[in-house]
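Chemist: Mind having a look at this structure? Questions to follow.
The values are calculated or read from the model by the stated rules, or taken from the named source; none is laboratory data. None of these values were measured; they are calculated from a predicted model. Every residue, glycine among them, receives a Cβ derived from its backbone with ideal geometry; neighbour counts consider all protein chains shown. Ligands, DNA and RNA are stripped out before the accessible areas are found, and what is left, the full protein with its side chains, is counted by its heavy atoms. Shrake-Rupley method; radii C 1.70, N 1.55, O 1.52, S 1.80 Å.
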Amino acid sequence: MKGSIIIVSFFILGVLLGYMGLVPDSLIESDLSFYVLCALMFFVGLSVGCDTKTLKSFSKLNPKYFLLPIATIVGTLGGCVIISFLLPDRQLSDLLAVGSGFGYYSLSSIFITEYRGAELGTIALLSNIMRELIALLLAPFLVRYFGKLSTISVGGATTMDTTLPVILKFSGKEFIVISVFHGFILDLSVPFLVTFFCSF
């Protein structure tokens, strides 16, 4: 939760600085956001490569749990298609790109801003933060009425970090490895799916 507040605070600060014209035009017109994005992708790859314990723990998973990330992806994108009927002024590809963030707001919103502009990037940021907050705040309700895997699926890419403590508390410690695996796969899918849908 603290990490989310810090990131949103930096976003609000950026909006205020831009609105007040305190950012030099040379900085706005440069390719700085592209280089920041490349650096972010490098550090994501570095963190994945260095975490050998997590990678080894995946081999102990029951094979049926390999379907959980796929179910989350299909369910999320299916939900985006349904929502598209309520938002006819929006392209379906925009909604699918936003949905493909799976709660990974710090990466997906940068990609979407780069490809589709600041408006959709802001929508992606808020949408993904809402996904994380729903997983954090509604975990007891989700587990009670939809089962112990529901919180993991709702948490999306955040289940290997920020929502993991909540999943541990309400789903149980036997779901920790499943949660980390789920978040790991969705983390990896975000840059591919977001850029894919942004290309249309």
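Chemist: Out of the total accessible area of the range 66-198 (probe 1.4 Å, heavy atoms of protein only), what percent is carbon and sulfur? Numbers along the way, then the final one.
Modeler: Working: 4470 of 6070 Å².
So the carbon and sulfur contribution to the accessible surface is 74 percent.
Chemist: If you don't mind, another one. Quick one: accessible area per residue over the range 66-198, 1.4 Å probe, rounded to a whole number of Å²? Please report the intermediate quantities before stating the final value.
Modeler: Working: 6070 Å² over 133 residues.
In whole numbers, the range 66-198 has 46 Å² accessible per residue.
Chemist: Does anything in the range 78-97 have its amide N under 19 Å from the 7 Å Cα→Cβ label point of Y145, and if so which residues?
Modeler: Answer for this model: 79.
Chemist: Sticking with this structure for a sec: Can you pull the one-decimal nm distance between simple spin-label points at K64 and L77, each 7 Å off the Cα toward Cβ?
Modeler: Inter-label distance under the simple model: 2.5 nm.
Chemist: Heavy atoms only, probe 1.4 angstrom, no DNA, RNA or ligands counted: give me D25, D89, D94 ranked by accessible area, highest first.
Modeler: Working: D25 105, D89 130, D94 15 Å².
Of D25, D89, D94, the descending order of accessible area is D89, D25, D94.
Chemist: Kindly give Rg over Rh for the range 66-198, based on alpha-carbon atoms, with the Kirkwood expression for the hydrodynamic radius.
Modeler: Details: Rg = 14.2 Å, Rh = 14.6 Å.
Answer for the range 66-198: 0.98.
Chemist: If we sort 106-115, 63-72 on the protection proxy, mean other Cβ atoms within 10 Å, highest first, what's the order? Write out the running numbers ahead of the final one.
Modeler: On the way: 106-115: 21.8, 63-72: 14.6.
Listed from highest to lowest mean packing, they are 106-115, 63-72.
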